[in-house]
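Working notes, beginning with the structure itself.
None of the figures in this text is laboratory data; all of them are computed from the coordinates on show. Owing to the predicted nature of the structure, the values given are computational and were not obtained by experimental measurement. Counting neighbours? That spans all protein chains shown, and the Cβs are built from the backbone with ideal geometry, glycine included.
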Amino acid sequence: MTAAAVTAAPTALAAAPANGDLVQAVDWVAIAPPTIAAVVALAVLVADLFLPQARKALLAWAATAGLAAALLALVPLRAGDRSTFCLTGDPGACSYTADHFTLAIQLLVLGGALLTALLSVTDTRRELPAGEFWFLLLSSAAGAALLPASRDLATLVVALEVASLPAFALVGLRRGDRMSGEAALKFFLSSVTATAVTLLGVSFVYASTGTLHLTEIAQQLDDVPAQLGTLAKAGVALTLVGFAFKTAAAPFHFWVPDTYVGAPLPVAAYLSVVGKAVGFTGLVLVTVVAFPSYADVWGPALAVLAALTMTVGNVGALRQVSTRARSAVRLLAWSSVGQAGYLLVPIAAAAYSSDDQIGATVAYALMYAVVNLGAFAVAALVARTHPANRIADYRGLYAARPVTALAMGFFLLCLAGLPPGVIGLFAKVVVFSAAVDAGLGWLAVVMGVNVVIALYYYLRWTAVLFRSPEGAPGEAPARHRAPVPVTAAIALTAVAGVLLSGYPQWVLRFAATALF
Amino acid sequence: MIDISESVMQFLLAFTVAAPLVGAAAALLPAPPGLRGKSPDQAVLRHGVTVTGAVLAAALVLTLGFDHGRSSMMQATTDVSWIPALDVRIHLGVDGISLPLLVLTALLTFLCALYSYFKPPAGPSPKAFVALLLVLESGTLATFAVLDLLLFFLAFEMVLIPMYFLIARWGGEGRQGAAWKFILFTLLGSVVMLLGLLLVGLKAGTFDMLALATDNGRDLSTSLQVIAVLAIGVGLAVKTPMWPLHSWLPDAHTAAPTVGSVLLAGVLLKMGTYGFVRIVLPIAPEGMHVLAPYLAAFAVVGIIYGSLACLALARAGAKGDLKRLIAYSSVGHMGFVLLGIATMTPTGVNGALFANVAHGLITGLLFFLVGAIKDRHGTADLDALAGTTGAALYGRAPRLGGLLAFGAVASLGLPGLAGFWGEMLAMFGAFQPAEGLSRPAFLTYTAVAGLGTLLTAAYLLVVVRRVCMGAAPAADQPPLADVQAYEFAAWTPLAVLTVLAGLWPAVLLGLTDPAVQQLLAGGKS
């Protein structure tokens, strides 16, 4: 049902209120990226029925190729001026817009899904059911790619669900694993509650404004009748709660560590990047595009949320004991909560300043996506020889695999924002500058303290990589051949990180231009 | 000077900053055939000497080509756009303020690499050691060469990771804790500094130091300048270090390997004071005006505090560590530098810059010497060294003892050696501070600083008394190796320059003075 909804929902919605000519022209090129992902998802699901067990590996390559094709479909859109599913009566109100913001997030989401696919190729050969896994991953990616383009609340909620529902299944996909099932249930229950709250909020907003299109809501909210003022305010607040949950902002973060640890590692990587992108994209769309006139409500709320999230996440990460089982993923999970806090800062700043601050969030998210997926890729590699995946298992990685260890050190220092992770440093600078520009000095100081806390655990991990391995010196550890797709994922992210460090403009240009 | 075309000068400056980075990457790769040397360790240490030597040569040629008649002007400037989105430009250049520090850095790093070649550091593979040393050099040189606020921040941060690993991997006792203290303190400071830099850059609309210095803070309101100076100043003061933000320094110095201590004291501390002169003074003069008396007060407290701490460590029975003692003496010496800067007068700032370079030479030498003593005795504990009467270095290793005594008297500011001029000029500046600053307050500071010089002399003489003198060694004591040839090679340049700067201060002051005048006057001149 999910994949079909992707394309069907906007059509139905946009067509309904049209007067006169009821037939819309659909710009297929504009909607190609999510559509390709959805179509390939269905194709993989069907093909799974007919392929013999021995040839299931083809599914992995088909899915990867599909995601690559979806990424390529972004190229013709790079002018960022397309939109479709517009109201026939009012061409200004469209349900699907492929502007620069959309393209940047779609690049992030589809690229993230592609790297996740690379990480999963070997897992689907053994422990995960191939057909279901690829179908779910691609459906979720399709939803996540649709979300930044949606410009009405209904499409937004549908996209959010298309992105989330397969994710629950992905988390619980490891058959017979109790932790996996528990993680999925935790994720599912809390997420469904959040969605229900969002829907309630959306209905309040619809009731008080009479429209679902974000731009029209922005106009209508300015002159909401007095008796509906409270309703509108409540609607705004409730809508935000749902998206805050997806971003894993504190206090809605409690599901993150258990879910990440219980999920298959590539899925945890996917959630930490794409899942997070889904949340903050929705948040950006509703706050900046739909509710600008309520900036005095959501601005302070988001600022407090950002400060709380980064502090909770970083303190949580700080408390991880390196010898505990799965401490590596647990630390990455907590640190991703901390990073979500930084992502929220520019959105909060957008409430206080007329300058466009959202670009800082986009730039930071792109940097974070690259290096966090890289860190997860290395974790996936290490997990092959050390299934417990403790941080202590990374000791002596430099002696065993020097290039991988250097890459991991680079990723961790990028996340910490210190040279040689130049791109991480400048991404943080952009976020800081958004806060300073908006006059949110206190938030900048809180963030500064958090950067120092975060450095402690990132650097502690980095230092472990370069310690001499345990055991007798000179004893060569048994080398396992790294699977090609995982190596490719590490190489891709490392090269991207190094290139971006040399020329940060590729990512930071989003911070300087108006995206909408 | 010799006439070198501008494009060659540009290349030389870019080369000094970039070559160590390339060298660091190359150090991690296996040595190519023909350069393998006797062993991989020897080859990589030699690689370190080659690269730092090349950088030193480039810095020296740069000095030769530098137009001394126009030392207030930025020379060898490169200005390339790097990140248009943030308005970050790769803007490099040297003037009379940065040139001496640039050469000092290149020289000290080269001497450290040379010293390590003959005496490899105790610890894991020297491969990483050389790579980290080179990254450290690149970061420090970049700090002195860049003219963009965000690039300055980047360079400022670049030294953290290498120094952390140098201490944590090759250090002595208590190295983990010391390394953490070092990096967390400095990072906290530099994040606050970043906020200040962003505040200035965003409000003034540019991150270019030259443009901001020419504006002289005209576009920035006084209250904003005060906040900016406070934020930037905290970051720089942690690095300098200013009392009471100094507590990371003694631990870091005590734990760091010899080479790490030399670079930490000789070069890294200068990044803080350089930032004060290059950024705070010209860009936010009004804010500095408000805060200068407080800065000066902290500075003189640091002078007294440093010398008292040293006196306490030098006492018999205090179990004072010599490295720790010299670290505390750095707190005192950097207090003089800060005092000079806080006067906001050309005299004071020139004195501060002079004291900066002098401290780099003298303290670098002292840390080398103490490292050598520690290697020979296995301890730097003053009580263990001195025994009941004294370590009697004069008798047992006369050259080493002589050099230590030389370093000590240079450090206490004996006229005729480098330590004298900087401190005298700083106090002279404080005697007649800039217009608008409270003269009575600064007179008090001058008097207190004068007392500090007395205390400094006291503890350094106690150290000389206890380490160099003493009863004639008994016949059964093992002989002590005197200064080796490679040690001579590494230390002589420092000693010679100390004498040269002491006898002929005009070499340095002639360079810095025009630049300082220009800096303080801003766009008015």
Phi angles of segment A:483-496, converted by Karplus (6.51 cos²θ - 1.76 cosθ + 1.60, θ = phi - 60°) into ³J(HN,Hα) in whole Hz with x for Gly and Pro, give x, 4, x, 5, 4, 4, 5, 5, 5, 4, 5, 5, 5, 4
Scoring only Lys, Arg, Asp and Glu (+1, +1, -1, -1) among other residues with Cβ under 13 Å from the Cβ of A:H213 yields -2
Between helix A:402-416 and chain A, what is the angle of the helix's C-alpha long axis to the longest principal axis, kept within 0 to 90° and rounded to the nearest 10? 40 degrees
Note, segment A:348-357: 3J(HN,Hα) by Karplus (6.51, -1.76, 1.60, θ = phi - 60°), whole Hz, Gly/Pro = x, goes 4, 5, 4, 6, 9, 9, 6, 5, 7, 9
Taking chain B and counting helices only, DSSP H stretches of n ≥ 4 at -39,500 (n - 2.57) each over all residues, the nearest-500 ellipticity at 222 nm comes to -23500 deg cm²/dmol
Can you list the trypsin sites (Lys or Arg not before Pro) in segment A:37-108 that are in a DSSP coil and have 11 or fewer other beta carbons within 10 angstrom? A:R78
Among all stretches of chain A without exposed GluC sites (Glu not before Pro) (DSSP loop, at most 15 other Cβ atoms within 10 Å), which one is longest? A:128-469
Range in chain B, longest, excluding exposed trypsin sites (Lys or Arg not before Pro) [loop by DSSP; at most 13 other beta-carbon atoms within 10 Å]: B:320-525
Vicinal HN-Hα couplings computed from phi for segment A:246-258 (Karplus, 6.51 cos²θ - 1.76 cosθ + 1.60; Hz; Gly/Pro x): 5, 6, 6, 6, 5, x, 9, 9, 4, 6, 4, x, 5
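Provide the net charge surrounding A:F187, with neighbours chosen by a C-beta distance below 13 Å and charges set as Lys +1, Arg +1, Asp -1, Glu -1. Spell out each step's value before the answer.
Values: positive: A:K186, A:K246; negative: A:E182, A:D258.
Cβ neighbours under 13 Å give a net charge of 0.
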Label point 7 Å beyond Cα of B:L454 along Cβ direction - residues of segment B:308-334 with amide nitrogen under 18 Å: B:308-312
So if I take the centroid of the Cα atoms in segment B:395-439 and the same for segment A:200-241, what is the distance between those two points in Å? 72 Å
Give the range of the longest stretch in chain B that excludes all GluC sites (Glu not before Pro) found in loop regions by DSSP and having at most 16 other beta-carbon atoms within 10 Å. B:174-434
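Under a Cβ-only charge scheme (Lys and Arg +1, Asp and Glu -1), can you give me the dipole magnitude of segment B:6-524 about the Cα centre, in debye to the nearest 20?
1000 debye
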In nanometres, what is the gap between the two model label sites at B:L28 and A:E127, each 7 Å from Cα along Cα-to-Cβ? 3.1 nm
For B:T444 and B:A57, what does the FRET efficiency come to when R0 = 56 Å and r is the distance between their Cβ atoms, rounded to the nearest 0.05? 0.75
Tell me which of B:G174, A:T311, A:L153 sits at the most positive position along the dipole axis of the protein assembly as shown, charges placed on C-beta atoms (Lys, Arg +1; Asp, Glu -1). B:G174
Order these by the 10 Å Cβ neighbour count, fewest first: B:M334, B:M209. B:M209, B:M334
Obtain the nm distance between the two label points defined at B:A211 and A:Q227 by a simple spin-label model: each point lies 7 Å from its Cα along the Cα-to-C-beta direction. 5.7 nm
Taking 2.2 N^0.38 Å as the expected size of a compact globular protein, what ratio does the Cα radius of gyration of segment B:396-525 give against it, to two decimals? 1.43
Calculated FRET value between B:R36 and B:S125, using beta carbons and R₀ = 22 Å, to 0.05: 0.90
Normalised per residue, the volume of the convex hull around the Cα set of the protein assembly as shown (Å³): 178 Å³
Per-pair calculated FRET efficiency, R0 = 60 Å: A:F50 and B:D219 via Cβ, rounded to 0.05: 0.25
Inter-site label distance for B:A489 and B:W504 at 7 Å from Cα along Cβ, in nm: 2.6 nm
Mind checking which aspartates and glutamates have their Cα closer than 16 Å to the Cα of B:K127? Skip sequence neighbours fewer than 8 apart in that chain. B:D41, B:E137
If one computes the Cα centroid of segment A:352-386 and of segment A:90-165, what distance in Å separates the two points? 17 Å
Can you spot the lysines whose alpha carbon is less than 29 Å from B:K203's alpha carbon? Ignore those fewer than 8 places along the same chain. A:K428, B:K239, B:K270, B:K524
Give the lysines whose C-alpha is closer than 17 Å to that of A:K233, dropping any in the same chain fewer than 8 places away, or say none. none
Solitary cysteines of the protein assembly as shown, where the nearest other Cys Cβ is not under 4.7 Å: A:C414, B:C112, B:C310, B:C468
Taking placed amide H atoms and a strict 5 Å upper bound, the residues 5 or more places from B:D381 or on another chain that come that close are B:L322
